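Here is the structure we will look at, set down as structure tokens.
The values are calculated or read from the model by the stated rules, or taken from the named source; none is laboratory data. Everything quoted here is computed from the prediction, not taken from an experiment. Cβ placement follows ideal geometry from the backbone for every residue including glycine, while neighbour counts extend to all protein chains displayed. Quick note on the areas: whole protein, heavy atoms, side chains included, nothing else; ligands and nucleic acids left out. Shrake-Rupley method; radii C 1.70, N 1.55, O 1.52, S 1.80 Å.
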Amino acid sequence: MTARISVIGTGYLGATHAAGMAELGFEVIGVDTDAAKIRSLSAGTVPFYEPGLPELLSKHVAAGALRFSTSIEEAAEFADVHFVCVGTPQTPGGAADLSYLHAVIDALVPRLTRNCLIVGKSTVPVGTAEALATRIEALTPAGVTVELAWNPEFLREGHAVFDTLHPNRLVFGVTTPGAEWELRQVYATPIAEGAPVVVTNLPTAELVKVSANAFLATKISFINAMAELCSITGADVTLLADALGHDDRIGRKFLGAGLGYGGGCLPKDVKALIARAEELGAGESVEFLHGIEGVNQRRRDTVVTETLAALDRKDDRAYGRVAVLGAAFKPLSDDVRESPALEVAKRLHDAGALVTVYDPEASVPARSVAPQLRYAASVEAALRKADVVLHLTEWQEFRELDPVWVGELTAGRVIIDARNVLDPEPWLAAGWNFKTLGRLVEPAAAAVPSRDRVESA
Ligand code: UGA
């Protein structure tokens with residue numbers, strides 16, 4: 001049985017995968033060129049917020065099943081299976097930058113002294129793995145057999161540990177039965193628990209990953225486009241989504257209309273898919289994705305426009321105060337990459353509003369990318385004297401706010417629930433002007449008997 005695993009690249013994906021592999025019973029070495037990150041992980045500390053990961057990591061570091069190193073040579077000597085988890089960031093043109101991936105292959109392969117399987121987990125443009133296989137072949141030392149497989153990762157930030165240990169599917173892009181066998185050994189536990197396995201070739205495996213994220217982005221933009229129509233017509237996007245979701249061909253998940261998608265994955269992968277399709281002369285096949293991006297951007301524009309309209313005060317102040325609740329791209333994360341919340345906050349600041357941001361976990365990363373904004377240490381401090389309150393990232397803490405208490409702190413009583421998840425009734429009852437993005441909250445709607453409402457699926 002495969003016993004020894006290396007995970008090369010210990011960012012978000014790699015650190016979680018390394019801890020997950022240790023939990024599945026393997027001896028694991030995690031390798032990264034960033035010495036500070038390696039020191040932190042070796043001490044059992046995770047340099048980002050992910051519920052459950054610090055506990056899992058420290059458990060296996062303490063037990064000796066998991067260690068971290070900056071030496072790729074150590075990984076080359078140690079492991080039978082090498083998972084490559086390095087980042088593939090976006091270049092200015094939208095395409096993926098493969099330089100970290102190439103650097104790993106160039107450093108690892110010439111140092112290999114035993115037969116092994118290299119497994120790509122990074123998100124890459126279709127066609128990358130076949131090109132890497134050629135590169136690997138040219139670099140492989142005599143007498144050693146090295147195979148390449150592609151095994152994309154579908155974990156969600158905030159649920160990374162669960163998704164790693166209980167994947168909803170496993171995709172193995174392989175070129176030989178031996179590689180498939182090896183991957184089945186690695187994932188024997190989730191397979192035994194019922195995780196479906198799709199065995200395919202390298203390009204299909206690469207494409208599954210980006211197309212899954214493009215599909216999720218499409219679903220979100222679809223419901224957001226409907227939310228635009230709801231706003232104009234007096235229809236309710238939340239009940240519309242419930243009704244659509246009861247059709248199990250559609251499903252209710254990812255029909256949460258609001259401020260749109262952000263993060264390090266969906267926006268980047270949509271752009272990378274467009275860029276790759278254009279390179280392949282197939283730009284037309286994904287032309288619709290430009291529309292998906294357009295809808296997503298308009299959500300942010302709408303919140304900025306509506307906030308500025310609400311700030312249009314007829315007193316002697318040049319600008320109003322805005323309390324921004326949320327900076328992370330989604331709750332249970334401190335990730336502010338492509339965060340819709342932070343973009344809205346920055347644009348309001350640029351327009352001359354006095355913006356104070358509060359996020360339970362993401363203030364430090366937010367400050368490092370948007371130092372021009374004010375950050376409050378508590379929700380109370382952010383709300384004090386605000387003319388308009390923006391609910392931009394749906395942390396549980398914000399859902400539990402008492403509108404009467406909030407109204408005692410703020411100067412104005414306008415709230416925009418840009419995630420469409422707060423219960424409007426107590427806000428309306430406390431005298432708030434409660435604005436949404438396509439959700440109907442007129443007092444008349446609040447009077448609709450509850451049997452006419454539809455439970456979320
Ligand atoms: C996404 C995918 O969901 C994962 O399967 C994938 O592995 C990951 O990208 C990746 O490529 O590494 P993640 O970026 O963690 O995961 O975030 P999601 O939970 O997908 O949310 C993305 C964005 O969509 C967030 O900004 C969220 O607020 C927004 N969203 C989500 C909505 O606006 N509405 C919804 O109904 C759902």
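Projected onto its three principal axes, the C-alpha set of the range 296-456 covers 48, 39, 30 Å, listed from the longest axis down.
The long axis of helix 53-63 is offset from the longest Cα principal axis of the chain by roughly 30 degrees.
Residues whose amide H falls under 5 Å from that of Thr410, counting only those 5 or more places apart or on a different chain, are Lys385, with hydrogens built in the peptide plane. Accessible surface area normalised per residue over the chain is 43 Å², counting heavy atoms of protein chains with a 1.4 Å rolling probe.
Close lysine pairs were tallied over the chain: pairs 8 or more places apart or on different chains with Cα atoms under 23 Å apart number 28. Let me know the shape class of the range 115-220, please: from the alpha-carbon gyration tensor, a ≥ b ≥ c as square roots of the eigenvalues, rounded when a/c is under 1.5, otherwise prolate if a/b is greater than b/c, or oblate. Note, shape of the range 115-220 comes out oblate. Expressed as a whole percentage, what fraction of the accessible surface of the chain belongs to carbon and sulfur atoms when a 1.4 Å probe is rolled over the protein heavy atoms? Result for the chain: 54 percent of the exposed heavy-atom area is carbon or sulfur.
Residues whose amide H falls under 5 Å from that of Val171, counting only those 5 or more places apart or on a different chain, are Val198, with hydrogens built in the peptide plane. Directionally averaged projected area (the range 158-313, Cα convex hull): 12.7 nm². Of the GluC sites (Glu not before Pro) found in the range 266-340, those in coil by DSSP whose Cβ has at most 13 other Cβ atoms within 10 Å are Glu287. Projecting the Cα atoms of Thr305, Leu390, Ile415 onto the charge dipole of the range 296-456, computed from C-beta unit charges around the Cα centre, puts Thr305 farthest toward the positive end. Scattering from the chain was approximated by placing one identical point on each alpha carbon and applying the Debye formula without solvent; log10 I(q)/I(0) at 0.09, 0.14 1/Å stands at -0.66, -1.30.
Angle of helix 12-23 to the longest C-alpha principal axis of the chain, folded into 0 to 90 degrees and rounded to 10: 60°.
Taking the chain as the reference, fit the longest principal axis to its C-alpha atoms, fit the long axis of helix 177-186 to the helix C-alpha atoms, and give the angle between the two in degrees, 0 to 90, nearest 10. Its long axis makes an angle of about 60 degrees. Starting from the Cα of Ala35, step 7 Å along the direction of its Cβ; do the same at Arg169; then give the gap between the two resulting points in nm. Result for the modelled spin labels: 4.4 nm. Along the range 261-271 the Karplus relation, 6.51 cos²θ - 1.76 cosθ + 1.60 evaluated at θ = phi - 60°, assigns HN-Hα couplings of 8, x, x, x, 10, 4, x, 5, 6, 4, 5 Hz to successive residues, with x for each Gly and Pro.
Computed over the range 4-200, the P(r) tail beyond 28 angstrom holds 20 percent of alpha carbon pairs.
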